[in-house]
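Remarks on the structure that follows.
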Amino acid sequence: MTDVSRKGSLSFLNPFKTRSGSRSSSRASSVVDFKIGDDARKSSISTATIKETNSSGRTSRAGSAKNSLEYTRSSRQGSTLATTGEDGWDRDAQTGERKDHTDLLHSLVDESTAESLADKAQAMFIGIPAKPAADLFSRFPEGVWRRIVEFLGPADKASLAFSCKPFRTLLGTRSWTDLNSPQNRDAKFDFLGRLDEQLPNHLLCFQCGIYHVRTQKGQEVLRPTNVSNPIFNCPNVFNLENKVARHRITVGRALPFPFVQLILRGQKYSPEHGIPIDSMSRRYKDRDGEWTHQTRYVVVNGHLLMRVISSAFATPALPPAGLRRLLYSPSDNFNPYFSVCAHWRDGNLMPAVKCALSHIPKPPEGSGIAGTSAKVQYHFHRPHPIITLCSECRPMRRCPECPTEYLIEMRVQEDRSDPDPRKLFKHAVVVTRWSDLGDGSSPKSLEWAACNGEAEYDSFTALGKRAISGTFESQFTVDQIPGQKMVSMNPNKIKLGEKGHDWY
Ligand SMILES: [Zn+2]
Ligand SMILES: [Zn+2]
Ligand SMILES: [Zn+2]
């Protein structure tokens, strides 16, 4: 820790530094907004740093840097509003380009984006050597500093006190002990989060508010939920009232929050800080159901996106009991076998899946001459194996309350387990889910909490025309982006939960 404080100087108070890592999507999120406000509070100090490190001849330039910096902030907030409305992405549509392949494309379309200005301002800092904070401190009388620090929040105060001795003397160690009070819990995690880059061998535990040593550094493996898998020694590991945050993926599989931290740290700082993202992909079959699943993750703009493809072979004309047996897991509180967000019971996701299953053509039945002739007819004029879904079940669905999208398909897949070679190819229902699991800053981060049903979130305002599915798929292939139209999974936002919407 002392090592950190010595070399730390004011680096983690630099607003550009914190911005550059997150660059996070213009999607509105309270986390991002909070950081913006946070940066603004720090600006007095960072501007002082600019003036300090520039020679007198360049002071005016530093002043203009400040102006552009302020402009950046206001326009950044502005752009947050614009994308949440219609404007930002309308311009995209005018170019005829609806996909979101690269940042480059965005910078071409939207030349006045806040990011480009922030990058320019950041470039101005390159080559300016860091100065000891003590020199900076001595430039102003202590009374001026006292006035400045009055404007800082608890996390900023603690960071400044952590930067060097003069500031610690000014602020006192109380700025740290204050963080232990329950009302400063969020500020404590904010402060601890800023030390993340300096602690590759540790991981911040959100149950304890402590950086624990990673006991399997680099070897952390995601395991099914019934396997004990401690990645650090945490006294709260068996504390039922303060459980580690996790997101349910499928039956018996979940994503614990520490793995989200590890992936995002590994991408943001260095591979040493986390685990490779490809080590998270899985392909497995449920033990008690007919479903197979494939999970894959990708990081875009500092956010972890997840895709789960679940499929199961389905027979035509299933009666209601057969549908239930196919879709819901009795051992997992009658949750669907495929991956869902916390809001799956509300709206029309389950009716749409059932609708898709109803489109499997039924072979002829009956006996006697009529039955036989129908069977002969069927044999020579088999219905086309590719099923076209109806307008009810075909569109992609977006959960209005969290950043999750679903696509339901009927595919013809090979069933190697069937001994009858004539039945090798069968119809399978495929449900694909894409979710944005947030920036990994905390289990309270907006997207993560929304997917778990723990935060208010309006996905259509936040995401606009930019589909998570499109963003995800464009990371792998430019050509095969799902082109379905997007509808709301729960258009009237009626929440009936367990009771309603004939989900079962
Ligand atoms: Zn802990
Ligand atoms: Zn249908
Ligand atoms: Zn949802």
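Bear in mind these aren't lab numbers, they're just calculated from the coordinates by the rules spelled out. All figures in this text were calculated on a predicted structure; none of them were measured in a lab. Cβ sites come from the backbone with ideal geometry, for glycine too, and all protein chains shown count toward neighbours.
Within the shell of other residues whose beta carbon sits under 13 angstrom from the beta carbon of Thr177, the net charge comes to +3, with Lys and Arg scored +1 and Asp and Glu -1. Taking amide hydrogens as placed 1.01 Å from N in the peptide plane, the amide H of Ala254 sits under 5 Å from those of Thr225, Ile249, each at least 5 positions away in sequence or on another chain.
Computed on the Cα trace of the range 332-449, the radius of gyration divided by the Kirkwood hydrodynamic radius gives Rg/Rh = 1.13. Under a 5 Å amide H cut-off, with hydrogens placed 1.01 Å from N, Glu401 pairs with Ser459 among residues at least 5 apart or on other chains. Just check the range 137-236 against the gyration tensor rule for me: Cα atoms, a ≥ b ≥ c as the square roots of the eigenvalues, rounded for a/c under 1.5, and otherwise prolate or oblate depending on whether a/b exceeds b/c. In terms of gyration-tensor shape, prolate. Across the range 231-239, coupling constants 3J(HN,Hα) worked out from phi with the 6.51/-1.76/1.60 Karplus curve, θ = phi - 60°, read 9, 8, 8, 10, x, 9, 4, 9, 6 Hz, and Gly and Pro carry x.
Kirkwood hydrodynamic radius, computed over distinct alpha-carbon pairs, for the range 281-499: how many Å, to one decimal?
Hydrodynamic radius (Kirkwood, Cα pairs) of the range 281-499 is 18.9 Å.
Each peptide in 310-320, 247-257 was scored by the mean count of other Cβ atoms within 10 Å over its residues; highest first, the order is 247-257, 310-320. Dipole check for the range 281-499: with +1 at the C-beta of Lys and Arg, -1 at the C-beta of Asp and Glu, and the Cα centre as origin, the magnitude is about 540 Debye.
Each peptide among 232-238, 413-419, 397-403 gets the average number of other Cβ atoms lying within 10 Å of its residues, and from highest to lowest they stand as 397-403, 232-238, 413-419. Against the empirical 2.2 N^0.38 Å (N residues), the range 193-298 has a Cα radius of gyration ratio of 1.11. Applied to the range 125-130, the Karplus parametrisation 6.51 cos²θ - 1.76 cosθ + 1.60 on θ = phi - 60° returns per-residue 3J(HN,Hα) values of 7, 5, x, 8, x, 6 Hz, with x for Gly and Pro.
Cross-link pairs exceeding 21 Å between alpha carbons, from the set Lys354/Lys485; Lys131/Lys268; Lys354/Lys426: Lys131/Lys268. Full extension of the chain between Ile386 and Thr461 gives 23.5 nm of extra length, using 0.36 nm per residue less the Cα-Cα distance. Near the amide H of Arg214, within less than 5 Å, lie the amide hydrogens of His202, Leu203, all on another chain or at least 5 residues away, with H placed in the peptide plane. In this label model, Ile128 and Phe151 are separated by 1.7 nm, measuring between points 7 Å along each Cα→Cβ vector. Backbone phi angles across the range 431-441, fed through the Karplus curve with coefficients 6.51, -1.76 and 1.60 (θ = phi - 60°), yield HN-Hα couplings of 10, 10, 10, 10, 9, 9, 9, x, 9, x, 6 Hz in residue order; Gly and Pro are listed as x.
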